[in-house]
C-alpha cells in the first residue's frame, strides 16, 4: 500500500519535471528521476543523529539496531528477515545482537571459577 502511494506521488513528480525527468526505473529518486546521491543520505542521517543527541554511527548500524530491538518487541525472526530484505533467515541471525537468558547464565557460570568465585 505504501509503495503504491509512493509510486503515485513519483508519477506526479515525473509529470512536474517534464523533459528534465531521467527515467532510471528507481523506487526512490531525486525530483528529476536521477539516483539519490549517497552523500545526501549520509548527511541527513548525520543530522538526525545529532538532533537526537546520539553519537555518530554508520547508516548500516541502524539495520543491526532494528534487528536487535524487533525480537525483544515480539517481532518474529521471519518478519525481521522480511523487514531487512534478507533472502535467507541465517543472514538475519547475524544481524541480531541479543544475549539470551541461557547465554547470560552460561557466562555467569564460567565467570565464577575463572575469577575465583567458586563453582
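The values are calculated or read from the model by the stated rules, or taken from the named source; none is laboratory data. Model, not experiment: these values are computed from the prediction. Glycine also receives a Cβ, built like all others from the backbone with ideal geometry; neighbour counts cover every protein chain displayed.
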- Note on the structure: Sole miss for residue 21 among (1) at pLDDT 90 or above; (2) out of contact with any helix residue (DSSP H, G or I) (no Cβ under 7 Å at 6 or more places or on another chain) is condition (2)
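Are any residues in region 34-43 surrounded by fewer than 11 Cβ atoms within 10 Å (Cβ to Cβ) and modelled with pLDDT of 90 or more, and if so, which ones?
Of the residues in region 34-43, the ones surrounded by fewer than 11 Cβ atoms within 10 Å (Cβ to Cβ) are 37-40.
Those that are surrounded by fewer than 11 Cβ atoms within 10 Å (Cβ to Cβ) and modelled with pLDDT of 90 or more: none in region 34-43.
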- Query: Out of all the residues in region 1-22, which are surrounded by 10 or more Cβ atoms within 10 Å (Cβ to Cβ) and either assigned to a loop (DSSP other than H, G, I, E, B) or in contact with a strand residue (DSSP E or B) (Cβ under 9 Å, 6 or more places away or on another chain) (or both)?
  - Reply: 21, 22
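Can you find a residue in region 44-51 that is in contact (Cβ under 8 Å) with a residue 24 or more places away in the chain, assigned to a helix (DSSP H, G or I) and either surrounded by 10 or more Cβ atoms within 10 Å (Cβ to Cβ) or on the phi > 0 side of the Ramachandran plot (or both)?
At the first step, the residues of region 44-51 found to be in contact (Cβ under 8 Å) with a residue 24 or more places away in the chain are none.
The answer is no; no qualifying residue exists.
Hey, among 73, 87, 100, which residue is loosely packed, with under 14 Cβ neighbours inside 10 Å and modelled with pLDDT under 85?
Numbers: 73 fails: modelled with pLDDT under 85; 87 fails: modelled with pLDDT under 85.
After ruling out the rest, the residue left standing is 100.
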- Query: Out of (1) surrounded by fewer than 14 Cβ atoms within 10 Å (Cβ to Cβ); (2) at pLDDT 90 or above; (3) outside any loop (DSSP other than H, G, I, E, B), the odd one out for residue 94 is which?
  - Reply: (2)
- Query: For region 26-33, does any single residue satisfy the condition of being at positive phi, surrounded by 10 or more Cβ atoms within 10 Å (Cβ to Cβ) and modelled with pLDDT of 90 or more?
  - Reply: yes
